[in-house]
Amino acid sequence: MERILEVKDLHIHFNAFAGAVKAIRGVSFHLNKGETLAIVGESGSGKSVTTKAVTRILPDNAVIDNGEITYKGMDLLAMTEKEFNNIRGNEIGLIFQDPLSALDPVMKIGKQITETLILKQKMPKKEAEARALELMKAVGIPNAEQRFHEYPFQFSGGMRQRIVIAIALASNPQLLICDEPTTALDVTIQSQILELIKKIQKERNLSVIFITHDLGVVANMADRVDVMYAGKIVEEGTVEDIFYDPKHPYTWSLLASMPNLDTKGGDELMVIPGTPPNMLYPPKGDAFAPRNHYAMKIDFDREPPMFKVSDTHYAATWLLHPDAPKVEMPAHLKHRIELQLKEAEKYNG
Amino acid sequence: MDNRTPILEVKHLCKHFYQGKSVMKAVDDVSFHVYKGETFGLVGESGCGKTTTGRTIIRLYGATSGEVWFNGNRIDGKLNKEETKAVTSKMQMIFQDPVASLNPRMTVEEIISEGAKINKIFATEEELKANVHKMLELVGLTAEHATRYPHEFSGGQRQRICIARALITKPDLVIADEPISALDVSIQAQVLNLMNKLRKELGLTILFIAHDLSVVKYFSERIAVMNRGRIVEMASSDLLYDNPVHPYTKSLLSAIPIPNPLLEKKRERFDYDPSIHQYDEQNQPKMIEIEPGHLVSMSDREYAAYLGAKK
Ligand SMILES: Nc1ncnc2c1ncn2[C@@H]1O[C@H](COP(=O)(O)OP(=O)(O)O)[C@@H](O)[C@H]1O
Ligand SMILES: Nc1ncnc2c1ncn2[C@@H]1O[C@H](COP(=O)(O)OP(=O)(O)O)[C@@H](O)[C@H]1O
Ligand code: SF4
Ligand SMILES: [Mg+2]
Ligand SMILES: [Mg+2]
């Protein structure tokens, strides 16, 4: 399989008033051509910073201490700003949580898309206008001819996100990075936007990085999943590996902590005690140890490496060490997974 | 019907906002009741009127029309001092944003005791203080937190403070308006478990407002689904989930992503198009009880069609 993007041992800190915030602490992952990789984790775990590093839009107080980012064989971090601009504009499309911040409030929608085409694709104006209208139709804006001449505030949240997607598509990207694109939207609008992204991906064979904290959205979108915690990837696998055979205690808690439509009323939810660590003082050992029911002595001293579970599945937990005591996932999570598999089987006939 | 006593009855409640010539019918003929000791969920997408409903019930907004009955007394409209006290101390609200709803210049103790002070619930300062400490422990904080300020707490802890503030007056009804929406995933489960524990231990009655149907279903015995200022369907949470009838409820249920990839990737989605109802003067929707305890907003024509299809 062709790797379109590869990130290796990325370390990033921020110079902040209170000291150095160690936001990314050794992140490695790759993206295959045409697949969707979901990055899932709680807020503050480093999802956005990781993608900002890939697109080189980190704020000024960020420092990349170490790491390699390779895009189609090119070393992105070694490029000059000018060389990189070419890639960012033509090959990578970005969609953020808040569509308003990506749009110019005082410019008509049609013009915003047209300008992007003129600037990035060097299209003549007439052609750009026609293409902009086509893009608006492609992302499902009704009455596109009329809405071409309207301003962002005249669009609902869902329609604005469609416009942002249209602008991202204007440069014919091969890589689409979506950072919580539906978090601010209602579920029925979210489901329409997810369908749209999937449709576009299929049509254009895009490679997608999809960031979210919603496991339902991950299940819907992802081929593979990276689970992030406190600036590290703690588990990686196919979507089936992660949902049906999770190995890391943090993934266990994520999967078991939210009620789903099958959770019986009043059942105690599995909770992760405490709060995520303060990244000014990342703990020694495994950052998850203080919140982990299964933590062993070693966890407070030494960070676990990535252990291989299968060719597609890796997890950073000492529990996978050959000498570790055998610890199974919690019984009620196991039960939940069995039920889910049964239900999926029933549904798929 | 149920023969339990309702603690809250909302009858044909309307709350319209007027802006110049335009009218925003945020709440438009909403009726439901909440029984003592139950958790009643009000669910719908943003802007459908959930918060306005809650705020009108607790008298933060005056009702445009309709009635609100609480503990057998009518509480919309003008109330005397005594009646006002009965509402302000016995009905409490928890808000979505625990940051915005806590005064940054007040200590935790001042915040929690404020409502009890205003309503003169406790005879002495000592009794008040003891109760503040009791509340803090009840919600999983400690007495030492009493002298601190809100900014020293995480989002989840602040929501615990809000819950303590709501509970100190020993309310009969708590209106919780999206109490976990602003919190992180792992913290949401902690607060949900806390509310579950309190509900069991204190026998609280809760009107639980949320946009997330899976959370509402987990937490509520009965659920009302709201759309554009109206309730479109109301039933026990199991009935609503197993047999949704209104096309909006179906669309909402189908849109919730389920964290089960082999199922989720194949699921069918339904879009809701309000124009399919073709309501007109002769054919207006009303709440029809299609099976015991299951009410759906339907016109007579739609009900006839529903019965026909069932056969
Ligand atoms: N400009 C900044 N200055 C200082 N710290 C930052 C900055 N941006 C992000 N961080 C910190 O980096 C960590 C990761 O943030 P982010 O990647 O935004 O998390 P998320 O997973 O929610 O997207 C957090 O601890 C955050 O506080
Ligand atoms: N104070 C107000 N003035 C005018 N319109 C309002 C006011 N409060 C709410 N609305 C409008 O009423 C509708 C319902 O709002 P709200 O009750 O907050 O919905 P929800 O809580 O379900 O998201 C929305 O269209 C909103 O814009
Ligand atoms: S390495 Fe130790 S602390 Fe970390 S997840 Fe595994 S068992 Fe828990
Ligand atoms: Mg982010
Ligand atoms: Mg609201």
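Data table
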item: Selected residue (criterion: modelled with the highest pLDDT) from residues of segment A:284-312 that are among the hydrophobic types (A, V, I, L, M, F, W, C) and open to solvent by 60 Å² or more (accessible area, probe 1.4 Å); result: A:MET306
item: Qualifying residues in segment A:175-196 (those that are among the aliphatic types (A, V, I, L, M), touching a residue at least 60 places away in the same chain (Cβ under 8 Å) and surrounded by 20 or more Cβ atoms within 10 Å (Cβ to Cβ)) - the one farthest from the other protein chains (Cβ to nearest Cβ); result: A:LEU175
item: From A:GLY34, A:GLY73, A:GLY46, residue being under 19 Å from the mean Cα position of the chain (by Cα) and more than 13 Å from ligand 1 (Cβ to nearest atom); result: A:GLY34
item: Hits in segment A:304-328 - residues which are free of Cβ contacts under 8 Å to residues at least 60 places away in the same chain, in a loop (DSSP other than H, G, I, E, B) and not hydrophobic (A, V, I, L, M, F, W, C); result: A:PRO304, A:PRO305, A:ASP311, A:HIS321, A:PRO322, A:ASP323, A:PRO325, A:LYS326, A:GLU328
item: Scope segment A:271-283; condition open to solvent by less than 50 Å² (accessible area, probe 1.4 Å), within 13 Å of chain B (Cβ to nearest Cβ) and over 15 Å from B:SER186 (Cα atoms); matching residues; result: none
item: From the options A:THR212, A:THR188, residue that is within 16 Å of ligand 2 (Cβ to nearest atom) and more than 21 Å from A:ILE113 (Cα to Cα); result: A:THR188
item: Single residue of A:GLU134, A:GLU150, A:GLU145, A:GLU127 found to be among the charged types (D, E, K, R), open to solvent by less than 50 Å² (accessible area, probe 1.4 Å) and over 23 Å from A:SER48 (Cβ atoms); result: A:GLU150
item: Candidate set: segment B:1-16, residues that are of a type in the set (A, V, I, L, M) and crowded, with 18+ Cβ neighbours inside 10 Å; chosen: the one farthest from B:LYS170 (Cα to Cα); result: B:LEU13
item: Selected residue (only one of B:SER65, B:SER46, B:SER89, B:SER31 is at pLDDT below 95, small (Gly, Ala, Ser), more than 16 Å from ligand 4 (Cβ to nearest atom) and more than 27 Å from B:ALA116 (Cβ to Cβ)); result: B:SER46
item: Meets criteria (in contact with a Pro (Cβ under 9 Å, 6 or more places away or on another chain), facing chain B (nearest Cβ under 10 Å) and more than 16 Å from ligand 2 (Cβ to nearest atom)) for A:PHE243; result: yes
item: Residue in segment A:216-232 that is open to solvent by 30 Å² or more (accessible area, probe 1.4 Å), within 11 Å of another protein chain (Cβ to nearest Cβ), more than 16 Å from ligand 4 (Cβ to nearest atom) and not hydrophobic (A, V, I, L, M, F, W, C) present; result: yes
item: Strands (runs of 3 or more DSSP E) wholly inside segment B:153-260 containing at least 2 residues that are open to solvent by 10 Å² or more (accessible area, probe 1.4 Å) and within 12 Å of another protein chain (Cβ to nearest Cβ); result: B:222-227
item: Enumeration of residues in segment B:272-283 that are surrounded by 12 or more Cβ atoms within 10 Å (Cβ to Cβ) and in a loop (DSSP other than H, G, I, E, B); result: B:TYR272, B:TYR279
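The values are calculated or read from the model by the stated rules, or taken from the named source; none is laboratory data. Just so it is clear, the structure is predicted and the values come from calculations on it, not from any experiment. Glycine gets a Cβ as well: all are built from the backbone with ideal geometry, and neighbour counts include every protein chain shown. Each accessible area value is taken on the protein alone, full model and side chains, heavy atoms only, with ligands, DNA and RNA left out. Shrake-Rupley method; radii C 1.70, N 1.55, O 1.52, S 1.80 Å.
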